[in-house]
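One structure is given here, and the rest of the page talks about it.
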Amino acid sequence: MDVVDLTRQTYDQVAADYDVQTRVTSPAFEAFRDAFVADARGRVADLGCGPGQHLQVLLGAGLDAFGVDLSDGMLAIARTRGRVVRGDLRRPPMAPASLDGIWSSAALLHVPREDVPATLTRWRELLKPGGLLALSTSLGGQQGWEKVPYATPKPVAGQLDRWFVHHDRDELLSLLAEAGFTVTSAQTYETKRLWVMVRATA
């Protein structure tokens with residue numbers, strides 16, 4: 001069973017509803033994003049851009065930003081907001097040391113746990129020395145399938161699943177350090193889930 005491909009298929013089906021239902025963000029998250037936008041320069045990739053809501057903000061701030069996602073449904077929407085590339089987060093289709101910044105919100109949580117160390121190493125390789133990483137992902141030790149709430153009508157939502165990998169905060173920070181990042185801050189906030197917002201440099 002390819003959990004990444006099945007999750008992609010789900011997002012292809014629910015992209016429009018996901019876009020509508022995730023537009024409101026918390027003040028803590030907006031402050032995290034604003035801080036990244038204020039410090040970022042040059043070429044920035046939004047890894048796991050989804051429908052491009054954050055990509056639009058990055059572009060609006062004058063950054064040379066583009067999105068990367070595996071879901072064609074998500075990319076179809078994101079393309080209306082900015083430049084996008086289809087790609088797997090585990091192997092983003094960019095050259096080493098080609099980025100000044102990486103933004104990734106609620107995307108690493110779909111990467112299988114066994115693939116996370118290599119994924120973070122690859123992200124580090126994409127950044128120029130001193131490049132910025134802003135990563136937001138869910139906390140918790142469990143992993144598994146979760147029913148998606150976005151699709152309509154509701155009976156459809158109950159038949160669709162996404163694979164989630166929730167991270168232990170300290171373990172995630174250790175993985176980032178092992179991948180070559182220097183973590184500069186890690187804050188938690190809570191919505192329907194508990195999240196960590198990490199800032200790091202390459």
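The values are calculated or read from the model by the stated rules, or taken from the named source; none is laboratory data. These numbers come from a predicted model, not from an experiment. Note that we place each Cβ from the backbone using ideal geometry, even for glycine, and neighbour counts take in every protein chain shown.
Annotations
- Qualifying residue in the range 79-95 (condition: of a type in the set (A, V, I, L, M, F, W, C) and surrounded by 24 or more Cβ atoms within 10 Å (Cβ to Cβ)): no
- Qualifying residues in the range 1-27 (those that are assigned to a helix (DSSP H, G or I) and of a type in the set (A, V, I, L, M, F, W, C)) - the one nearest to Ser71 (Cα to Cα): Ala15
- Within the range 95-153, the set of residues being farther than 24 Å from Thr10 by Cβ and of a type in the set (Val, Ile, Thr) comprises Ile102, Thr121.
- Scanning the range 35-78 for residues that are at positive phi and either in contact with a Ser or Thr (Cβ under 9 Å, 6 or more places away or on another chain) or in contact (Cβ under 8 Å) with a residue 24 or more places away in the chain (or both) yields Gly42, Gly48, Gly50, Gly52.
- Listed by first and then second residue, the pairs with beta-carbon distance under 6 Å, at least 6 apart or on different chains, first residue in the range 175-202 and touching a residue at least 12 places away in the same chain (Cβ under 8 Å) and within 15 Å of Gly101 (Cβ to Cβ), second assigned to a loop (DSSP other than H, G, I, E, B) and not β-branched (Val, Ile, Thr), are Ala200/Phe181.
- Total residues in the range 79-104 satisfying the condition of being basic (Lys, Arg) and either on the phi > 0 side of the Ramachandran plot or touching a residue at least 24 places away in the same chain (Cβ under 8 Å) (or both): the figure is 4.
- Qualifying residue in the range 134-152 (condition: farther than 25 Å from Leu6 by Cβ and within 15 Å of the chain's Cα centre (by Cα)): yes
- Check on Ser26, exposed (fewer than 14 other Cβ atoms within 10 Å of the Cβ), among the small types (Gly, Ala, Ser) and in contact (Cβ under 8 Å) with a residue 24 or more places away in the chain: yes
- Members of the range 147-181 found to be aromatic (Phe, Trp, Tyr), in contact with an Asp or Glu (Cβ under 6 Å, 6 or more places away or on another chain) and either at pLDDT 95 or above or surrounded by fewer than 16 Cβ atoms within 10 Å (Cβ to Cβ) (or both), listed by number: Phe164
- Residue selected from the range 182-200 under the condition surrounded by fewer than 16 Cβ atoms within 10 Å (Cβ to Cβ) and part of a strand (DSSP E or B), by the criterion modelled with the lowest pLDDT: Glu190
- Checking the range 122-131 against the condition returns a match, with at least one residue being touching an Asp or Glu at 6+ places or on another chain (Cβ under 8 Å) and not basic (Lys, Arg).
- Residue in the range 10-29 that is of a type in the set (Lys, Arg), over 25 Å from Pro112 (Cβ atoms) and modelled with pLDDT of 95 or more present: no
- For the range 74-113, residues that are within 21 Å of Val4 (Cβ to Cβ) and either part of a loop (DSSP other than H, G, I, E, B) or modelled with pLDDT under 95 (or both) total 12.
- Scan the range 55-74 for residues that are surrounded by 24 or more Cβ atoms within 10 Å (Cβ to Cβ) and under 17 Å from Tyr11 (Cα atoms) and the total you get is 5.
- Verdict on Ala134 being closer than 16 Å to Thr182 by Cα and either surrounded by 19 or more Cβ atoms within 10 Å (Cβ to Cβ) or in contact with a helix residue (DSSP H, G or I) (Cβ under 8 Å, 6 or more places away or on another chain) (or both): yes
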